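Engineer: Here it is, the structure in full.
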Ligand SMILES: *[C@@H]1O[C@H](CO)[C@@H](O)[C@H](O)[C@H]1NC(C)=O
């Protein structure tokens with residue numbers, strides 16, 4: 001008797017904890033990463049770099065910008081779990097757009113808030129060739145994304161349609 005009552009109380013408190021947890025989550029497909037206070041979402045409907053940026057803004061979000069190793073790892077985890085068959089309209093599904101490009105000045109990679117990424121806490125590129133910004137030739141890649149495995153950013157051609165990651169900053173409770 002004593003045991004069942006205790007179990008019932010335990011079940012009830014778990015129920016309320018679960019409700020509190022669910023209510024603290026954004027409900028529009030964004031998944032909150034509590035440690036960094038940012039909610040992320042992978043958008044499977046591929047768009048080119050320009051369109052992806054606009055879409056994020058319509059949702060009150062932004063293309064994701066990693067500003068620390070931790071944020072990069074969280075974003076990459078999302079890309080690693082990408083369900084490839086669900087990606088719509090991309091020729092190459094392996095890269096997801098982030099909010100970083102060198103469209104204004106090919107020598108400086110900036111995030112969509114206009115900050116030089118070298119000043120933000122994360123500007124690691126994959127390998128020797130990515131992120132070099134060789135010229136302002138449109139034939140060069142001027143947007144940046146993330147793939148599932150490499151330890152840094154990938155430069156990529158802005159006109160290509162890719163899935164993309166958006167983020168919303170969530171105020172701490
Ligand atoms: C991006 O896509 C839109 C339509 O979806 C198109 O109007 C625009 O020209 C494209 N931009 C680039 C740089 O390819």
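Engineer: Determine the shape class of segment 47-142: with a ≥ b ≥ c the square roots of the Cα gyration tensor eigenvalues, call it rounded for a/c under 1.5, and otherwise prolate if a/b is greater than b/c, oblate otherwise.
Structural biologist: Because its axes are fairly even, with a/c under 1.5, segment 47-142 counts as rounded.
Engineer: A follow-up question, please. Multiplying the sequence separation of residue 103 and residue 159 by 0.36 nm and subtracting their Cα-Cα distance, what value in nm do you get?
Structural biologist: Roughly 19.0 nm would be gained on extension.
Engineer: Tell me the relative contact order for segment 108-163 as a rounded percent, counting alpha carbon contacts under 8 Å between residues six or more apart.
Structural biologist: 29 percent
Engineer: Consider a paramagnetic label point 7 Å from the Cα of residue 32 along Cα→Cβ; state which residues of segment 46-77 have an amide N under 19 Å from it.
Structural biologist: Of the residues in segment 46-77, 60-62, 71, 74-75 have backbone N under 19 Å from the label point off residue 32.
Engineer: A follow-up question, please. In percent, what relative contact order does segment 39-107 have, based on Cα pairs under 8 Å that are 6 or more apart in sequence?
Structural biologist: Rounded, it is 44 percent for segment 39-107.
Engineer: Based on the mean of other Cβ atoms within 10 Å per residue, sort peptides 76-84, 159-167 so the most packed one is first.
Structural biologist: Going from most to least packed, we get 159-167, 76-84.
Just so you know, all these numbers are worked out from the coordinates, no wet-lab data involved. Remember, it's a predicted structure, so these values are computed and weren't measured experimentally. With ideal geometry, Cβ positions are generated from the backbone for all residues, glycine too; neighbour counts draw on all protein chains shown.
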